[in-house]
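Read through the structure below, which is laid out as structure tokens, and then see the notes.
The values are calculated or read from the model by the stated rules, or taken from the named source; none is laboratory data. In this text the structure is predicted, and so the values were computed from the model without any measurement. Here the Cβ is made from the backbone with ideal geometry for all residues, glycine too, and neighbour counts use every protein chain on show. All accessible areas refer to the heavy atoms of the entire protein, side chains included, with ligands and DNA or RNA removed. Shrake-Rupley method; radii C 1.70, N 1.55, O 1.52, S 1.80 Å.
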Amino acid sequence: MTDLTNLSIAELRDGMRGGDFKAREVAEAYNAAVAAARGLNAYTVETPEDALAAADAADSGKSTGALAGIPLGIKDLFATKGVDTTAGSRILKDFKPPYESTVVANLRKAGAGMLGKLNMDEFAMGSSNETSAYGPVISPWRRTDGSNVSLTPGGSSGGSAAAVAAGIAPGVTGTDTGGSIRQPAAFTGICGIKPTYGRCSRWGIVSFASSLDQAGPMAKTVRDCAILLGAMAGFDPKDSTSLDQPVPDWEGALSSNLSGKRVGIPREYRIDGVPDEINVLWDKGIEWLKDAGATPVEISLPHTKYALPTYYIIAPAEASSNLARYDGVRYGMRVEGVKTLDDMYSATRAAGFGAEVKRRIMIGTYVLSAGFYDAYFTKAQRVRALIKQDFARAFEQCDVILTPTAPSAAFGIGEKMSDPLAMYLNDVFAVPASLAGLPAMSVPGGLDEQGLPLGLHLIGPEMDEQTVLNAALAIEERAGFTHRAEKWW
Amino acid sequence: MSVSPEQVRHIAKLARIAMSDEEIERLVPELNAIIGWVEQLGEVNTDGIEPLTAVIKQKLRLRDDAVTDGACRDAILANAPGAEHGFFAVPKVIE
């Protein structure tokens, strides 16, 4: 019998419906795979009983939704009722929410079970998973040079990406503030989509930067992403930024026929210092989309180079405000033995937050402080308006934009930790779409010369996830990316 | 603009994060590198551009001014590091 952990979600679903295997067998296969892969440090909490319960509900006909009996991994940023939700931080150690985040509730409504909570950068701040209080996730991928160096799966959804790539979850939730779904998807050779801002409810997701945070799925295939996104998305009155719009049948409308579509190629994304193989893959991507019937057009996004500095004002500013709630009073840890309330706040926050989170809170507090607010924060919001305008103009000339996902393949753990700016640059291609709130997706394109996955990145106009998914499907069909990390764990 | 150790100490106070002198010393060059880098936004002409506050245009919805949940005190207090008599407990504020 085929190894169930090799199958896509669509194959699992169809196999269960067709009676080829039981949901319980699927859950058991995944529970065993999760337990055997602890060396990757991808899961922070395992919930095998939860996966089995959803499987039994599917097998007995009690649940018949789109994801009946499919076990999923859930990023630790999503509140899960009664199950530790820590955002990868010491300050939320042992926090067990008395409520379910809307996205997870939606997935459960569709019949999905939970394999466990997935490791991540602390409060989603990082591009390599090294800021997690649980220690870094190790990518299942290794370079072909025989060095066996531990590589990062990317971040912040690094546990999520590693879980799909290692076959210890058929699909997972991620969140993306400035590339946290797309960059790890690219690093691990899987698919991941960040939908239009507001498609997925942020209610019950631990906040990082509220005007940017957006949940999305990561999975082996484009079709699986369409299935998962369909179950995750939807209007939620509990989130004031949730879009009151119907959820299209993205899976049903999947088509890789792109005739009549124009693909924008932004000239500003040819950046000095990016390895040749990234640009070579980008050119291949253009050819694949042409083959699918699309016409490439050169476009200009003139404010591209200002996206990262804009992001690193807006995101920390919003973070400093969002993270003010962690003060040792209502939940999470508290440092005892201090005299005053003020001392308790500052001692708790000093002990509870890691270095990167503190750095970003400090930057955010600085740019929001009296005398600097207009010079930094308001200025960044104005530049953000220009970046959004760039995209609006570009989409008068094209239907979807193609770029590389990240400026490199996965790097080694520890290689970039000493230089925050070098780390921030890893999201250079992903951040502009986040600032503009647009749907964007990474799909595997090929391997670099060291045998590591590289991703291609598609950006669509707001609300048009379908064109993004369709273009990604066209690339998926032509790239023939079937590589999997060789099992060593 | 660049920050001095005194300013960083002040920011840490505003952010309610206790920091040792060594931490402050280490943060000064890190913050200055990041601040120096974001200052390239000064090159962009933003005259007459409205600051973007809502990335996808929509009206802010208001809900009815009515109680939508409640009677869940125990759930609210369940994760508190200190709770007494149905309240959050904190160190003494007034002597």
Rounded to the nearest 100 Å², what's the accessible area chains B and A bury against each other, both chains counted, probe 1.4 Å? 5100 Å²
Return P(r) of segment A:406-457 (all Cα-Cα pairs; 10 Å bins starting at 0; whole %; ordered from short to long distances). 21, 46, 31, 2
Hey, if we sort A:PHE353, A:PHE235, A:PHE372 by accessible area with the 1.4 Å probe, largest down, what's the order? A:PHE235, A:PHE372, A:PHE353
Express the relative contact order of chain A as a whole percentage, based on alpha carbon pairs under 8 Å and six or more residues apart in sequence. 17 percent
Segment A:1-66-segment A:125-168 distance, computed between alpha-carbon centres (Å): 23 Å
Quick check: the distance between the Cα centres of segment A:75-103 and segment A:335-406, to the nearest angstrom? 22 Å
Evaluated at 20 °C and 1.002 mPa s, the Stokes-Einstein D of segment A:209-340 based on the Kirkwood radius over Cα pairs, in µm²/s, stands at 108 µm²/s
Accessible surface, chain B, averaged per residue in Å² (probe 1.4 Å): 71 Å²
Using Stokes-Einstein with the Kirkwood hydrodynamic radius over Cα pairs, what translational diffusion coefficient do you get for the protein assembly as shown at 37 °C and a viscosity of 0.692 mPa s, in µm²/s rounded to a whole number? 136 µm²/s
Regarding segment A:211-252, what is the average projected area of its C-alpha convex hull, in nm²? 3.4 nm²
Classify segment A:59-194 from the C-alpha gyration tensor, please: rounded if a/c falls under 1.5, else prolate or oblate depending on whether a/b exceeds b/c. oblate
Suppose all protein chains stay in the model; what accessible area per residue would a 1.4 Å probe give for segment A:52-94, in Å²? 32 Å²
The protein assembly as shown - percent of accessible surface contributed by carbon and sulfur, probe 1.4 Å: 51 percent
Quick one: grab the alpha carbon gyration tensor of segment B:16-95, order the square roots of its eigenvalues as a ≥ b ≥ c, and give me rounded if a/c is under 1.5, else prolate or oblate depending on whether a/b is larger than b/c. oblate
Given q = 0.12 Å⁻¹, what are the Debye log10 I(q)/I(0) values for segment A:141-250, with equal point scatterers placed on the Cα positions and solvent ignored? -0.42
For segment A:406-421, what does the Karplus curve 6.51 cos²θ - 1.76 cosθ + 1.60, with θ = phi - 60°, yield as ³J(HN,Hα) per residue in whole Hz, taken in order and with x for Gly and Pro? 9, x, 7, 7, 4, 9, x, 5, x, 5, 10, 5, 7, 10, x, 5
In whole angstrom, the spacing between the Cα centers of segment B:74-95 and segment A:243-319 equals 49 Å
Total charge dipole magnitude, segment B:13-95, about the Cα centre, Cβ charges on Lys, Arg, Asp, Glu only, Debye to nearest 20: 480 debye
Read phi for every residue in segment A:233-250 and hand back ³J(HN,Hα) as whole Hz from Karplus 6.51 cos²θ - 1.76 cosθ + 1.60, θ = phi - 60°, with x for Gly and Pro. 6, x, 5, 9, x, 7, 10, 5, 9, 5, 7, 8, 9, x, 8, x, 7, 5
Hey, what's segment A:374-427 come to in accessible area per residue, 1.4 Å probe, Å²? 34 Å²
In square angstrom, rounded to the nearest 10, how much accessible surface does A:THR241 have for a 1.4 Å probe? 40 Å²
My understanding is that a pair violates if its Cα-Cα distance is over 26 Å; which of A:LYS261/A:LYS379; A:LYS305/A:LYS379; A:LYS290/A:LYS487 do that in this structure? A:LYS261/A:LYS379; A:LYS290/A:LYS487
Using θ = phi - 60° and the Karplus curve 6.51 cos²θ - 1.76 cosθ + 1.60, what whole-Hz ³J(HN,Hα) does each residue of segment A:194-199 get, with Gly and Pro shown as x? 9, x, 3, 3, x, 5
